[in-house]
Amino acid sequence: MRQLTFRIVCTLFVAQLLMGSTPGRGGPLPVRDHFLLGVGFLAFEPTSAELLERGAWQVEAVWSLANSWAVSPQIDLALRARPTRAPVTLEQLEELAKLSSDGGSIFIDGEVSRLLLAIRRGFGRNLQLELRLPLLHFGGGVLDGSIENLHERFDLGLDGRTGATRDRFLIATTTRQGDVLVREPPSFGIGDLVVGAKVRLSGDESSSTRTALEALVKLPTGDDEPIVTSGSIDLGLQFLVSHDFRSWSIHGAAGALFLGASDRLGIGSQQIYTLLGAVELGTGRRTRWVLQLDIGQGPFEELATARIGEEAIHATFGVKRTMGRRNELFLAATENLQNFTNTADISLHFGVTRTLDR
């Protein structure tokens, strides 16, 4: 099933990429945080209220690299006390978990590289359909050294990083629901297929203000590997609004995610909410700068350990560049704010979008 899904999406993607095209209007950067423990759950990729014209196609490839480091307080203190770097063992983590007031602990260290392939088509004046497929690669990381240098330079704190060996992968959590352990990650994995539909509510191509409704369904078609898939069907619904000024635009979204149970993490079905705000400024005919902020509940509230279930807040800054009439490229970085236990330290993104004539 997963191989058939992969072949269909890739075939459509390559076929449309080779055709002629014209770029669409602006919008938020289609990127987000990629926390290791949450990769397999459905999440909204930021988008505007704009719809493709009838018969038009759009293909998009977004590559992201995200580094996650999350430890509970007792592990943080133990790592800070180490005089030198050393590997973290499961025996040490088990002993430290006993010191927690709730009997739980979190140790998450690693990186995920994610290539998201998306293909969209406009139907009529008020409907757009979409397929998304993520390709995932997990590893110990290449950003550890850069992140430590950055945190030291700006006095951001290291949360015990200097007590652990760099560029290693390990996920080990202990909660009331049970233990989660991923020591050897799948080097490559095909994630779950997402099917989406966007419906216009008001406005059109000539309107300065547009609103739309987006619905998503994540199907458990991915590799049956830890952290690649939640193993459940997830649903999402969000309201979108965009408004254009003379040289800049604003975009907003408010959504709800209905997540199925994850047996791997001992988490039942749940409903979580998200908000997004973005400002897009045009400088010249081909360049647009985007600053966006998203706030959302994490899918880990039931774990009830070390703030992992609290709201996650991310800021993304990036630049988009139109290349001729056919392509748009963008670069962006996502940084966590306020709570660091349920988000990646940093996510870097590069993407290309090609909008095709009908």
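Values in this text are rule-based calculations from the coordinates and carry no lab data. Note that the coordinates shown come from a computational prediction; the quantities given were computed from them, not determined experimentally. Backbone-built Cβ (ideal geometry, glycine too); neighbour counts: all protein chains shown.
Qualifying trypsin sites (Lys or Arg not before Pro) in the range 157-239, where qualification requires a DSSP coil assignment and no more than 11 other C-beta atoms within 10 Å, comprise ARG183. Find, among the GluC sites (Glu not before Pro) in the range 198-303, those assigned to loop by DSSP (not H, G, I, E, B) with at most 12 other beta-carbon atoms within 10 angstrom. Here the sparse-neighbourhood loop sites are GLU205.
Pairs of Cα atoms nearer than 8 Å and 6+ residues apart set the relative contact order; for the range 2-356 it is 22 percent.
From the Cα gyration tensor of the range 95-139, with a ≥ b ≥ c the square roots of its eigenvalues, which class applies: rounded if a/c is under 1.5, or else prolate if a/b is larger than b/c, or else oblate?
It is oblate, given that a/c is not under 1.5 and a/b is not larger than b/c.
Other residues lying with their Cβ under 12 Å from the Cβ of ASN327 contribute a combined charge of +4, Lys and Arg counting +1, Asp and Glu -1.
Based on the Kirkwood radius over alpha-carbon pairs, what is the Stokes-Einstein translational diffusion coefficient of the range 233-358 at 20 °C with 1.002 mPa s viscosity, in µm²/s?
The calculation lands on 128 µm²/s.
Between rounded, prolate and oblate, where does the range 286-358 land on the alpha carbon gyration tensor, with a ≥ b ≥ c its root eigenvalues, rounded for a/c under 1.5, else prolate if a/b exceeds b/c? Judged from the Cα gyration tensor, the range 286-358 comes out prolate (a/c at least 1.5, a/b above b/c). Computed over the range 2-356, the quotient of the alpha carbon radius of gyration and 2.2 N^0.38 Å is 1.01. Amide hydrogen proximity for PHE35: with H placed 1.01 Å from N in the peptide plane, the residues at 5 or more positions away or on another chain lying under 5 Å are ALA344.
Taking amide H as placed 1.01 Å from N in the peptide plane, TRP69 has its amide H under 5 Å from the amide H of ASP345, each at least 5 places away in sequence or on another chain. Per-residue 3J(HN,Hα) values for the range 131-139, derived from phi via the Karplus relation 6.51 cos²θ - 1.76 cosθ + 1.60 with θ = phi - 60°, read 10, 10, 9, x, 10, 10, 9, 10, x Hz in sequence order (x marks Gly and Pro). For the range 224-241, backbone phi angles converted through the Karplus equation (6.51, -1.76, 1.60; θ = phi - 60°) give residue-by-residue couplings of 7, 10, x, 6, 7, 9, 7, x, 9, 8, 10, 10, x, 9, 9, 9, 10, 9 Hz, Gly and Pro being listed as x. Ignoring aspartates and glutamates fewer than eight residues from LYS98 along the same chain, the ones with Cα atoms less than 15 angstrom from its Cα are ASP76, ASP179. Cross-link partners of LYS198 among aspartates and glutamates, defined as those whose alpha carbon lies under 16 angstrom from its own and excluding same-chain residues fewer than eight positions apart: GLU45, GLU50, GLU53, GLU130, GLU214.
Within the set of other residues whose C-beta is less than 12 Å from the C-beta of LEU216, count the net charge using Lys and Arg as +1 and Asp and Glu as -1.
Details: positive: ARG132, LYS198, LYS218; negative: GLU45, GLU130, ASP192, GLU214, ASP234.
Combined, the nearby Lys, Arg, Asp and Glu give -2.
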